[in-house]
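The values are calculated or read from the model by the stated rules, or taken from the named source; none is laboratory data. All of these numbers come straight from a predicted model, not from anything done at the bench. Here the Cβ positions follow ideal geometry from the backbone for every residue, glycine too, while neighbour counts run over all protein chains shown.
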Amino acid sequence: MDVEFHYYMTYLIAARAGFGPDDARLVAYSSQFIDDNDLVFEVDKGKASAYRNYISQTMNILKPKHELFRIYPLFHFIPGDPRSKTAWRKDGKMHWLCTTPNSRNANAIMDDALRSKDMYRITAVPQEIRMRRT
């Protein structure tokens with residue numbers, strides 16, 4: 001959806017944070033893939049080994065499909081603290097998928113991922129959190 005930000009800006013930030021080119025590419029690709037995952041692929045249809053990927057993108061964030069709420073909190077919007085001032089919009093409304101700055105949930109996920117030194121765990125952390133922490 002926004003390749004300039006989700007891929008290129010993420011790559012730049014990762015590189016500036018000290019990640020090598022291959023690791024910065026992995027972080028950037030992982031960030032962009034969430035938006036690109038909008039096609040269903042079926043393998044071995046009709047067989048016991050059949051597999052169908054799960055779509056993580058609605059292509060219109062303003063009208064998310066109800067069933068995607070099981071994936072948005074994992075890959076894009078870690079729920080923050082609804083009591084935080086930053087969780088509420090200026091019009092007084094709040095959305096449950098609002099990630100709040102310095103949330104305990106986000107910090108715990110990022111800290112665990114960084115301690116693991118496993119790039120795949122680090123890239124599984126939503127982009128909004130990676131960018132705040134680098």
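Assorted remarks:
- Looking only at residues in the stretch 30-50 that are at pLDDT below 90 and part of a loop (DSSP other than H, G, I, E, B), the one that is surrounded by the most Cβ atoms within 10 Å (Cβ to Cβ) is Asn37.
- Here Arg70 fulfils each of the conditions (1) at pLDDT below 70; (2) surrounded by 11 or more Cβ atoms within 10 Å (Cβ to Cβ) apart from (2).
- The stretch 1-29: number of residues that are in contact (Cβ under 8 Å) with a residue 60 or more places away in the chain, within 14 Å of Met119 (Cβ to Cβ) and surrounded by 19 or more Cβ atoms within 10 Å (Cβ to Cβ): 3
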